[in-house]
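Working notes for the structure below.
The numbers here are math on the coordinates, done by the rules we state, and not lab data. A quick note: this is a predicted structure, and the numbers were derived from the prediction, not measured. Cβ placement follows ideal geometry from the backbone for every residue including glycine, while neighbour counts extend to all protein chains displayed.
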Amino acid sequence: MRNDIIKGEKKFPDKPEDRDSLYFLAQSLRAKLLHDLQTDKKDLNKSTQFLANRAKSLIKDLAKINYELAQMVVSDEDDKVLPRWFMVEIVRDLPRLVRND
C-alpha cells in the first residue's frame, strides 16, 4: 500500500478507525526517505527525484489528516535526520510543520 500511495494510486487513510494504519504508513514513508534520499541533492536519480517531490506533497496531505504524524516524518527522532537539502525544501514549502511551538 505504501508504494501505491507514493505512486499516487492511493491516498492516506483518513478515517479515525484507520489511525494505526496511518501511523504505520507515516513511519514507512519516513524510513523510505531516510533510506533512499541521498545526502547531496545532485546525486539523485529520476526515481529519487520523484520520491522527494512526491514526499513533499504526501507530507502536506498527511498534515491535513494528522499534523503530529506529519511532524514525525520530518523529525530528527533517534538522531536519524533527513538530508539537509530536503529539510530546507520542507521548511520553505511547509514552514509550520517544522516549527517547535
Exercise. When ranked by the protection proxy of mean other Cβ atoms within 10 Å per residue, highest first, what sequence do the peptides 24-30, 82-88, 59-65 form?
Worked result: 24-30, 59-65, 82-88
Exercise. Quick one: Karplus J couplings for segment 20-25, per residue in order, coefficients 6.51, -1.76, 1.60, θ = phi - 60°, nearest Hz, x for Gly and Pro?
Worked result: 5, 5, 4, 4, 4, 5
For this session: May I have the extent of the alpha carbons of the chain along their three principal axes, as whole Å values ordered from largest to smallest?
Result: 40, 34, 24
For this session: Could you pull out every one of the lysines with an alpha carbon less than 22 Å from that of residue 80, ignoring same-chain neighbours closer than 8 positions?
Result: 32, 41, 42, 56, 60
Problem set entry | Segment residue 17-residue 68, length gained on full extension (0.36 nm per residue, minus Cα span) | 16.7 nm
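Under a Cβ-Cβ cut-off of 13 Å, what is the net charge of the residues other than residue 7 that fall near it, where Lys and Arg count +1 and Asp and Glu count -1?
On the way: positive: 2, 10, 11, 32, 54; negative: 4, 9.
Here the count lands on +3.
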Exercise. Just from its helices, what would the mean residue ellipticity at 222 nm be for the chain, if runs of 4 or more DSSP H residues each count -39500 (n - 2.57) and the sum is divided by every residue, rounded to the nearest 500 deg cm²/dmol?
Worked result: -20000 deg cm²/dmol
